[in-house]
Structure formats: structure tokens, C-alpha cells
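See below for the structure under consideration.
The values are calculated or read from the model by the stated rules, or taken from the named source; none is laboratory data. Since the structure is predicted, the reported quantities are computational estimates derived from the model, not experimental observations. Because the Cβ atoms are built from the backbone with ideal geometry, glycine has one as well, and the counts that use them run over all protein chains shown. Surface accessibility is based on the protein's heavy atoms, side chains included, excluding ligands, DNA and RNA. Shrake-Rupley method; radii C 1.70, N 1.55, O 1.52, S 1.80 Å.
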Amino acid sequence: MKTRIIILVLIAFCSVVKAQDRFAILEQKLIELGKTSAPGLNEKVDLSINGASIQEFIRAVGVSNNLNVNVDPTIDAKIVNNFSKVSAQEIFLFLCKNYNLDINFVGPIMSFVKYTAPATPVKTVSTKKLNVTYEPVAGLISFDFQADTLAAAAKEITKQSGRNIIFSPELLGKVVSGFVQNSTLNSALEKLAFANDMKVSVTPDNFYIFEKKVPVADPNAKGNASAVNPNFGLTAPGAKTGSVTVKDGLVAVDAQNIAIIDLVNAVSKELGKEFFLFNELKGNATLKINDASYDDFLRLLFNGTEFTFKKEGEIYLFGDRNLEGLRQSKLITLKNRTIDKVLDFIPAELKKGVDIKTFADLNGLIVSGSQPRINELESFIRQIDLVVPLVHIEVIIADVRKSNTISTGISAGIGAKPAGPTTGTIVPQVDLSLNATSINNLISGINGLGVINLGSVTPNFYLTLKALEEQGALKIRSTPQIATLNGHEAKLKVGSTVYYLEVQNNLINNVGNTTVSQSQQYKSLDADLSITINPQVSGDEQITMSIGVTQSSFTERISETAPPGKLNRDFQSLVRVKNGEMIMLGGLEENSTSNSGRGLPLISRVPVLKWIFGNRTRSKTENKLTIFIKPTIIYS
């Protein structure tokens, strides 16, 4: 008792010392601030307050002593005090002690807040990382336990395998050891239980239960609580004799062509299990098992037959799978994928005897049937309910187009007289149209030189001069980004639309009078770049992509209202790249050159004169398309 009192006194003393240290530090900060940037802290105050809020009181002190103060509005306290000839520093320290406040200093600014005691550091206890690995595709587990608790081992196996494992309360502090490599979950748990003097069983809803192994006493064995029960025979007409042995609550059966009902009666009697028959268990069975629980024995016995079992409390119900009392309904929800098309992937054998309906609202399946068939169906669904990788695809499209066109020539002739004076442009291109008057004025100027006399042209004579060179360079770079699920197609399409006029003439014959009806309609024509990508992700994060590229472009029209021509180019490719790597697709290149001209016979072939006495047009176009594709796997 004296020791306890001494400890309590020491704790109280430490708390007081700690509080005194806090206020001593606070007082020292106020003294230093009063010497430097807030001399008003040392000035005396005469102030009487009755029922004012603490915010108003501190603000009044700050105004009277020229101090910068800020008060937390959540502090709920009323002041009833009379201060005479005390410094502001002493008042602030008094408020902090009596109302559990603290002061935060930012330069000359004092901010009053509620005091919060520092949190006591919690010592973290490092937990041992258990060595458990599980391969979900093959359903194989490996573990290495060395004096680990059963609770930690069961938790880690559940996390890795997704199968729920529980244990009875008396095994809460149980320490287990065992090493298993690449074994099925059922076999591994049975061996773990055997190595640590336990037994494990599986419930109808696929829970694994560890229990303490209870020795089964043989009434014929004296002083031996774990003696083996004597074998007893099971016979059927014309069949061999079988045997059932029970030890430590586990059963061993060696039977050949024995009636199923006889096996159930014998094992149930030895293990002390109560059961109820909905109908007769017909047929014979041949099996040999060792160290199996009662549930495992029934599951193996009824496998492949029309019978099943169900446990209600401590009583087992036996009968046909389709009977109402043995039929069960369950909602199987999916976690990683949608319910769409899941029914198409379920094998026909698993659907037999089970009524299945999709429930889109909860992303699951409602199944009804016998418990073993439901368990088998659910096991398959869990195997396919995996995370589907999302593939993010970056596409860079670089389209470079270059063109060069030269058009020159002189046209002259006799025709309709152009209206008005000479018209046209000189810069940046020469495109002049001269009428007869302008030409005669030009000739008159030349005739005025005295020696040369060119005469004049007729009034309807005209002359056209044309000289033009065009150059173009167009660079288009787009960086679209798309994403799609593994195995699903992603499409990208960019393009343009042009319209052309379609004119239709209809002849209407009405009582010998034929009239023509004309209708006009604008129709569209598309030219685009289309990219289709279908990614397939492999286990080593390699991505196989089926790529299809189609490019179409317009060519010149044969007339103003005619539709333009169309040039199509496409290719298909199957490539394999690593996650995050970029590939380049090129080769979609188009080059076109045209050279046309008109002129006087023979003269139009002379190298220099053909550009003067005639019209010539020469054009060259180059288009080059390059595509970069970079896929990246995203696991959500």
C-alpha cells in the first residue's frame, strides 16, 4: 500500500513539474518579447471586468497597451476580475494558468489558443512477417511457420488465399509450426492440423474450422483413452467385407461395393452423429479414406451421386439434391469484374441442377440448388473473378505535307470586250487581264518612238498574263490518349467531311405535256484516319497488340459540283512490346507530281518560249504519315 501511494505522489509531482516547465517557458517568451518588439507587455494595467468574454478582455488589454493579439473564437470563458497596477505580461500568464490556454508567437503577434497536451508516443511492436505464398491459378500454397501463433497463421493464409479460416476459442494462444511447399489448400491445412495435434474441417459454406483434437475412448480398452475402436464388418449381398475405424474423432473407411445407407449408418454410429433421411439412399459405393472428418466423409461419399447433406444444428439431413429441404439459394457477388457475359463462360456441367439468374444491381448471380453444386459453381466463379488489367494507350500522329506549284503563261484572243480598264494583281502574283483599249494605249506608246509602228488591235482583242508559284508546308501533330480493358478493342478516328451537289432531272408527262422537274441535294463524303488497337496482356507484362490503320484522303474534283476523288491506304499489324515501351509505325507516304501545259504548235516545245507562248502548270505534293504508339498497363 505504501508503494502505491509513493508511485501516485511521484506521478502527481511529475505532472506539476511538467506544467511548471510549460508556464516557465511561456513566461520567458513573454519577457523576451517585452524587451524587443512588444514593450507594452511591461506597462501596468488598471482594468475591472464583470462577465465579459475572454476574447473581449484580451482585446481590451491589447488596445490599451498597443499589443498585437489574436484569440481563438472557440474558447468559451467569462472573465470576472479586477486588475490594478499589474503588467500585461502578468495578466496573460494568469489567464493561461487559470483557463488552460497557450500562446503561439509569430513575430510580435500573440495568438491565444486552447492548450492541447502533447500525445504520448505509442511504442510500436514490430510483428513478424509470416512466410506464406499462394498461387491462385493453380490453387497451390506454400508456408513456413516456426513457433507462430495460430491466429497470425490463419489470418495470413486467409489474406493470401481468400479462403476463410477460423478456430475454436480454446486454440486462441495455440503455437503452430510446419513447412509445406506447393500443396493444395485442403491438403496443406490437414497436414498443419496433424503436425500440431489439431483437426480441421470444412463447413458447407466453405469455411475451414480448426478444433482441438478430442480423443475418442474405446469402451473395450482399459486405461487407454485414445485406443483404436475395433473394426466391424460391412457386408452387402455378393460384396466384399469393408471396415470402418474411428480414432481421435477421425474416420478411416475401406469399403468395396458397400450400400451407401450402410456406410452412413456405421460411421454415424461410431462418431455419435444424428441424422434424418428425406428419402432412401440407394446405391453402393467403393471408397478408401484415412483420417477424415465426418463432413469430409459425407462429401466424398455423395460426390457424383444424386444425394447431398445439410447440417442444421447438430442434426444432419440426407436426401436427394433437388428436395426442398436440401435445396439452398445464395447470392454470389463479383468483386473485380462485371456480371455481363459471365453466364456464357460457365461450363455446362456446372450449370446442371442449378438455377442461375443474374442480378445486375448487386453485380452478382442468384443461384439455387444443392449445396455441393453451389460450392463447385462458386469456386469456379472465384477463379475467374480476377482483376482485369486496364491498358492506357498514348498515340502520337505526325502528318507532314509539302506542296509546290508553278503556273505561268500568256493568253490572247478575240472575243467579248472586257469591261473597264486593265484589272488584276502584280504582287505577290502576276495575274493581269488587259482589254483592247489598254493594249492600244501600250502600242501607241511604243509607236511614239518614231521608228517602230505596230499599228493597233481590234476592239474585241484581249490579253491575259499569268505568273504564279505557290509553296506550302503543313505539319500536323496530335496526341490522343485512350484506354481499354485487356482484350477489348480501342478505336480512334479523326477526319474531315466535304459536300458535293447532286442534281436530278425528272421528266413528268401530264396529258401529252412533258415537263422537266429538277431536284438538288447536297451529299457528304468522308475522309479520315482510323486506328484500331486490340491489346492482350501476358503474365510477364508483355503486350501483344493487333493494330489496324486506315487512311483516306481527297483528290481533285473533275468539276466544281462533282464529288472529289478518294485515295485509301490501310495496313494490319501484329506486334509485341514491353509495358511502357513505344513503337513507331511509318511508311504511309504519298508523293504526286503533275505537269501540264498548252501553247502554240512547235513553239510550245522550245525550252524558253514555251513558258511565254502558252500556259503551263507544274505541281508536286508529298505527304508522310508517322504514328507512335505507347501502351501502359494499369492495375486498379
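A few remarks follow.
- The residue pairs whose first member lies in the stretch 103-116 and is more than 17 Å from A24 (Cα to Cα), whose second member is of a type in the set (F, W, Y) and assigned to a strand (DSSP E or B), and whose beta carbons are closer than 8 Å, counting only pairs six or more residues apart or on different chains, are S111/F105.
- Cβ-Cβ under 8 Å pairs, at least 6 apart or on other chains, the stretch 58-84 side within 18 Å of K97 (Cα to Cα), far side assigned to a loop (DSSP other than H, G, I, E, B) and open to solvent by 30 Å² or more (accessible area, probe 1.4 Å): I75/Y99; A77/Y99
- Subset tally (residues that are open to solvent by less than 20 Å² (accessible area, probe 1.4 Å) and hydroxyl-bearing (S, T, Y)) for the stretch 309-337: 1
- When the stretch 182-201 is filtered for residues that are touching a Leu at 6+ places or on another chain (Cβ under 9 Å), of a type outside the set (D, E, K, R) and in a strand (DSSP E or B), the ones remaining, listed by number, are N182, S183, T184, M198, V200.
- Complete set of residues in the stretch 377-397 that are touching a helix residue (DSSP H, G or I) at 6+ places or on another chain (Cβ under 9 Å) and part of a strand (DSSP E or B): none
- Boolean, I332 is part of a strand (DSSP E or B), among the aliphatic types (A, V, I, L, M) and closer than 30 Å to E280 by Cα: no
Yes/no matrix, rows are residues, columns are (1) at pLDDT 90 or above; (2) surrounded by 16 or more Cβ atoms within 10 Å (Cβ to Cβ); (3) among the β-branched types (V, I, T):
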site	(1), (2), (3)
V137	no, no, yes
S142	yes, yes, no
K155	yes, no, no
G162	no, no, no
I165	yes, yes, yes
S177	yes, no, no
N186	no, no, no
K199	no, yes, no
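- Residues that are open to solvent by 30 Å² or more (accessible area, probe 1.4 Å) and assigned to a strand (DSSP E or B) within the stretch 621-636 comprise T621, E622, N623, K624, F628, K630, T632, I634, listed in sequence order.
- For the stretch 266-276, the criterion of being touching a Pro at 6+ places or on another chain (Cβ under 7 Å) and either in a strand (DSSP E or B) or on the phi > 0 side of the Ramachandran plot (or both) is met by no residue.
- Hits in the stretch 22-39 (condition: open to solvent by less than 80 Å² (accessible area, probe 1.4 Å) and closer than 17 Å to L95 by Cα): R22, F23, A24, L26, E27, L30, I31
- Subset of the stretch 590-620 that is surrounded by 13 or more Cβ atoms within 10 Å (Cβ to Cβ) and under 60 Å from the mean Cα position of the chain (by Cα) - its residue that is modelled with the lowest pLDDT: E590
- Residues that are touching a Lys or Arg at 6+ places or on another chain (Cβ under 9 Å) and under 30 Å from K630 (Cα atoms), drawn from the stretch 349-391: I384, D385, L386, V387, V388
- Hits in the stretch 370-385 - residues which are modelled with pLDDT under 80 and open to solvent by 50 Å² or more (accessible area, probe 1.4 Å): none
- Extreme residue, nearest to S379 (Cα to Cα), among residues of the stretch 317-359 that are touching a strand residue (DSSP E or B) at 6+ places or on another chain (Cβ under 7 Å) and among the aromatic types (F, W, Y): F359
- Residues of the stretch 529-585 satisfying the condition of being open to solvent by less than 50 Å² (accessible area, probe 1.4 Å), closer than 19 Å to L390 by Cβ, touching a residue at least 12 places away in the same chain (Cβ under 8 Å) and assigned to a loop (DSSP other than H, G, I, E, B): G580
- Residues satisfying the stated conditions in the stretch 285-308, i.e. open to solvent by less than 20 Å² (accessible area, probe 1.4 Å), in a strand (DSSP E or B) and more than 22 Å from K247 (Cβ to Cβ): T308
- Scan of the stretch 355-374 for residues that are closer than 16 Å to F345 by Cα and over 33 Å from the mean Cα position of the chain (by Cα), ordered by number: none
- Those residues of the stretch 262-284 which are surrounded by fewer than 16 Cβ atoms within 10 Å (Cβ to Cβ) and without any contact (Cβ under 8 Å) to a residue 40 or more places away in the chain, in sequence order: N265, K269, G272, E280, K282, G283
- The residues of the stretch 66-98 that are open to solvent by 40 Å² or more (accessible area, probe 1.4 Å), under 22 Å from A24 (Cβ atoms) and more than 53 Å from the chain's Cα centre (by Cα), listed by number, are E90, F94, K97, N98.
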